[in-house]
Amino acid sequence: MTDLMEVLANYQNGAQNAAPGAVQEHYSNVARNAPPEQVASGLAGAFRSDQTPPFAEMLTTLFRNSDGNQRAGILSRLLSAVGPSLLGSGALSGLSGLLHGGQPNITPEAASQVSPEQVRDLAEHAEKHNPSIIDQAGEFYSQHPTLVQSLGLGAMAAVMSHMYRK
């Protein structure tokens, strides 16, 4: 744990104190060795940060880089956070077919039919109507650390900065 704290200390002010080129290596080490709930908390902090792109944009990037099972997993969480009432009309109405009996039942095949733009809209609505979706997304993506690397060095540094502060 001491070694992890030493690595995280490099990110107490974002990536300012990190050695050039070390962010990805540090993130991989932290994601492998830190408790999943700490990684999840760091991800949620980065999703909420004004130092990173908006949550919906980051989630769209993760969705684009996900495999079918990962896409289905995050879509299930987003749809649960929004609920059937918001899917009935407007920009999200095209996603109402993903609910069965009011509950999401997403297969990887069905997830492959959802566009990144629809995910962005869904994430924006979910964040507005159920802000806990950010914590749920952090929990989900803490299980997929390689995928998180697709967000870039700034986001990985933000995750570690939030972990250090916790």
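The values are calculated or read from the model by the stated rules, or taken from the named source; none is laboratory data. Worth saying up front: this structure is predicted, and the values here are computed from it rather than measured. Reconstructed Cβ throughout: ideal geometry from the backbone, glycine too, with neighbour counts over all protein chains shown.
Out of all the residues in the range 1-22, which are surrounded by 14 or more Cβ atoms within 10 Å (Cβ to Cβ) and either assigned to a strand (DSSP E or B) or at pLDDT below 65 (or both)? Steps first, please.
Going residue by residue through the range 1-22, those that are surrounded by 14 or more Cβ atoms within 10 Å (Cβ to Cβ) are 4, 7-8, 10-11, 14-15, 18, 22.
GLY14, ALA15, listed by residue number.
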### Message
Residue under question is ALA157, and the condition is that it be of a type outside the set (Lys, Arg), in contact (Cβ under 8 Å) with a residue 24 or more places away in the chain and farther than 21 Å from PHE47 by Cβ; does it hold?
### Response
no
### Query
Does any residue of the range 129-151 turn out to be more than 13 Å from the chain's Cα centre (by Cα) and among the polar types (S, T, N, Q)?
yes
### Task
Considering each residue of the range 27-46, count those that are closer than 13 Å to MET156 by Cβ and either surrounded by fewer than 21 Cβ atoms within 10 Å (Cβ to Cβ) or modelled with pLDDT of 95 or more (or both), and give that number.
7
### Query
Do you know which of the residues in the range 43-55 that are touching a Leu at 6+ places or on another chain (Cβ under 9 Å) and not in a loop (DSSP other than H, G, I, E, B) is farthest from ILE133 (Cα to Cα)?
ALA46
